[in-house]
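Here is the structure we will look at.
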Amino acid sequence: EYIRSSYYNKLEYTRFSSSVGKFVGFTEYGVKNAEYWSNDASFLSAMKAQKEAACLHNVQIKYDNMLTKS
């Protein structure tokens, strides 16, 4: 799962989760940003592509390392 969170003054105001597939806001400002970013198809597809770029190619490496250590 790919998660991208945005913080300001140690307070999380937005989060993108690949399992949800959109941005979620936690503050009034964050809700406005989340709605804007979730309605932008190109930005949303870029976030979904980050899962493939950052996570999927490392799954086998992590899995193999876990098996050799157990």
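The values are calculated or read from the model by the stated rules, or taken from the named source; none is laboratory data. Note that this is a predicted model, so its numbers are computed, not measured. With ideal geometry, Cβ positions are generated from the backbone for all residues, glycine too; neighbour counts draw on all protein chains shown. Remember, those area values only see protein heavy atoms, side chains included, never the ligands or the DNA or RNA. Shrake-Rupley method; radii C 1.70, N 1.55, O 1.52, S 1.80 Å.
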Residues in the range 22-70 that are outside any helix (DSSP H, G or I) and at pLDDT below 90: how many? 1
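Condition first: in a strand (DSSP E or B) and either closer than 14 Å to residue 35 by Cα or among the polar types (S, T, N, Q) (or both). Now tell me which residues in the range 1-21 satisfy that.
Passing the criteria: 5, 6, 13, 14, 15, 16, 17.
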Answer with yes or no whether residue 59 is of a type in the set (A, V, I, L, M, F, W, C) and open to solvent by 60 Å² or more (accessible area, probe 1.4 Å). yes
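Taking the range 5-20 only, how many residues are open to solvent by 80 Å² or more (accessible area, probe 1.4 Å), within 20 Å of residue 55 (Cβ to Cβ) and polar (S, T, N, Q)? Can you show your working first?
Kept after step one, since they are open to solvent by 80 Å² or more (accessible area, probe 1.4 Å), are these residues of the range 5-20: 7-11, 15, 19-20.
From what is left, the residues that are within 20 Å of residue 55 (Cβ to Cβ) are 15, 19-20.
Now narrow it down to the ones that are polar (S, T, N, Q): 19.
Number of matching residues: 1.
Among the residues that make up the range 21-40, is at least one of them free of Cβ contacts under 8 Å to residues at least 40 places away in the same chain, open to solvent by 50 Å² or more (accessible area, probe 1.4 Å) and of a type in the set (Gly, Ala, Ser)?
So the first thing to find is which residues in the range 21-40 are free of Cβ contacts under 8 Å to residues at least 40 places away in the same chain, and the list is 21-40.
With open to solvent by 50 Å² or more (accessible area, probe 1.4 Å) added as a condition, the list becomes 22, 24, 26, 28-29, 31-32, 35-37, 39-40.
Next cut, of a type in the set (Gly, Ala, Ser) only: none.
Checked the range 21-40: no residue is free of Cβ contacts under 8 Å to residues at least 40 places away in the same chain, open to solvent by 50 Å² or more (accessible area, probe 1.4 Å) and of a type in the set (Gly, Ala, Ser).
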